[in-house]
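Asks: Okay, handing you the structure first.
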Amino acid sequence: MPELPEVETIRRGLSPRIRGTRILDVRTREARVFQLPTKHLRLKLRGRSIDEVNRIGKYLIFGLDHGYLVFHLGMTGQLTLRTPSGKDAPRFIRHPVTGLQRTRQHAPDQHTHLILQLDHGVELLYRDPRKFGKIFWLRSEPESLSRFFSKLGPDPFSGAYQEHEILKRMKGRKVSAKALLLDQSFVAGLGNIYADETLFVSRIHPLRRTDTLRKYERLRIFKMIPRVLAKGVHFGGTSLRDYIDSDGERGTHQERLFVYGRAGQPCVQCGYPITRIVVAQRGTHFCRVCQPRSKPVPGDLDWTIFDENNEPYPLP
DNA sequence: AACCTTCCCTGATGGC
DNA sequence: TGCCATCAGGGAAGGT
């Protein structure tokens, strides 16, 4: 599922290849995917130039010469580039062992809901089998963007991500730490995978109530969120099932996960088997030893989040 | 206001 | 082999 690191990887792949191009033609498929009538969208987009490709949380934002085109990829949304003269992969295949989906561009299929034909001969394809994703169009006025994102918390890589602000946002919350991290109005960009990873490196049990967290624990969450996400970006995102980048390539972060999807496997830190429970209707993975429920683990913990040279992964 | 539950949707998987 | 139930989950909407 595309969370912040996956969307950022897509953004980085798209930006140099579509910035400055013009949209020649627009084709749409399933109307439910769009937040406005497809006929209107086609009229809004045709002839527009793509000036910039930005991201806030899990949202991808194309800044056009008139208006904004905004994508939320939901769970299975994919944005890929295709050169019509190039060679397409025969179909979407998930390799039974490696999980490899494809390594080449693909032709549009029944799940491809938007095709933008760009003026340099490249097509941008939006594909979403489960249709949990959404595509929005916003007017050019700056306040249309701020209104659209008004309920969203700060992006961990933006200037709005400040210690004082984040710690304040935790005050008075009675939800579990896991539910807090999944709440996009608290911080934008974490999903189920990176929430579990953040709690692991912060040494906090997912069921701990936010209002029982010590100051040093809240501070650890604040510091670990950007690091966990930076690690995901560094490895091109996590490809467990459907996620692919703009070139159709899988990320490699799934090979480096500490807890997510590792139920029964040994903890990378202590060797005790990872536990899976359900919290806030989400599969939740943690280590009973490293993330104890009743006894907070004190200290400023920096372990396990460094690369092979013992350096933190660079922030975008 | 804060929190919780339900729903949307398709493909993969496992039991029989 | 086919059929059916179950599971995965981001976020909106509705309920408490």
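Each reported figure results from applying straightforward, stated rules to the coordinates on display, with no laboratory input. Quantities reported herein were computed from a predicted structural model and do not represent experimental measurements. Using ideal geometry, Cβ is built from the backbone for each residue, glycine included, and neighbour counts are taken over all protein chains shown.
Asks: Quick one: of A:Lys151/A:Lys223; A:Lys44/A:Lys231; A:Lys168/A:Lys231, which pairs are farther than 30 Å apart, Cα to Cα? Write out the running numbers ahead of the final one.
Replies: On the way: A:Lys151/A:Lys223 22 Å; A:Lys44/A:Lys231 37 Å; A:Lys168/A:Lys231 26 Å.
Flagged as over cut-off: A:Lys44/A:Lys231.
Asks: How much length is gained if the chain between A:Asn309 and A:Asp65 is pulled fully straight, taking 0.36 nm per residue apart and subtracting their Cα-Cα distance, in nm to one decimal?
Replies: Full extension of this stretch gives 83.5 nm more.
Asks: Now a separate question. Can you tell me the convex hull volume per residue for the range A:105-157, based on C-alpha atoms, in Å³ to the nearest whole number?
Replies: 168
Asks: What Kirkwood Rh does the range A:7-65 have if only Cα atoms enter the pairwise 1/r average? Answer in Å.
Replies: 12.5
Asks: If I take every Cα pair under 8 Å that is 6 or more residues apart in the range A:4-148, average their sequence separation and divide by the length, what percent do I get for the relative contact order?
Replies: Numbers: 278 pairs, mean separation 42.2, N = 145.
Worked out over the range A:4-148, it gives 29 percent.
Asks: Have a look at A:Met1, A:Gly264, A:Ile135 and report the one farthest towards the positive end of the charge dipole of chain A, computed about the Cα centre with Cβ charges (Lys/Arg +1, Asp/Glu -1).
Replies: Checking the options against the dipole of chain A, the answer is A:Gly264.
Asks: Oh, and also: For the range A:236-291, compute Rh as the Kirkwood radius over C-alpha pairs and then the Stokes-Einstein diffusion coefficient at 4 °C and 1.567 mPa s; write the answer in µm²/s, rounded to an integer.
Replies: So the translational diffusion coefficient is about 104 µm²/s.
Asks: So what are the ³J(HN,Hα) numbers for the range A:188-199, from phi and the Karplus equation (6.51, -1.76, 1.60; θ = phi - 60°), rounded to whole Hz, Gly and Pro as x?
Replies: 8, x, 7, x, 4, 5, 6, 5, 4, 5, 5, 5
Asks: Using 7 Å Cα-to-Cβ label points, what is the A:Ala89/A:Asp109 separation (nm, one decimal)?
Replies: Here the answer is 0.9 nm between the modelled labels.
Asks: If you plug each phi of the range A:47-59 into the Karplus form 6.51 cos²θ - 1.76 cosθ + 1.60 with θ = phi - 60°, what whole-Hz ³J(HN,Hα) values come out, in order, with x for Gly and Pro?
Replies: Karplus-based 3J(HN,Hα) across the range A:47-59 equals x, 6, 9, 9, 8, 8, 10, 10, 8, 10, x, 9, 8 Hz.
Asks: Return the tail of the calculated pair distribution for the range A:4-148, meaning the percent of Cα-Cα pairs more than 20 Å apart. The partial results should precede the final answer.
Replies: Numbers: 4838 of 10440 pairs.
Here the long-distance tail beyond 20 Å is 46 percent of all Cα pairs in the range A:4-148.
Asks: Could you give the C-alpha radius of gyration of chain A expressed as a fraction of 2.2 N^0.38 Å, taking N as the number of residues it contains?
Replies: Taking the Cα Rg and dividing by 2.2 N^0.38 Å, one obtains 1.03.
Asks: Here's a follow-up. Counting pairs of alpha carbon atoms under 8 Å apart in space and at least six apart in sequence, what relative contact order in percent does chain A give? Each step should come with its number before you reach the end.
Replies: Details: 637 pairs, mean separation 59.9, N = 316.
Here the relative contact order equals 19 percent.
Asks: Another question about this same structure. For the range A:163-305, place one equal point scatterer on every Cα, skip the solvent, and apply the Debye formula. What is log10 of I(q)/I(0) at q = 0.15, 0.19, 0.21 Å⁻¹?
Replies: Each listed q maps to, in turn, -0.71, -1.15, -1.39.
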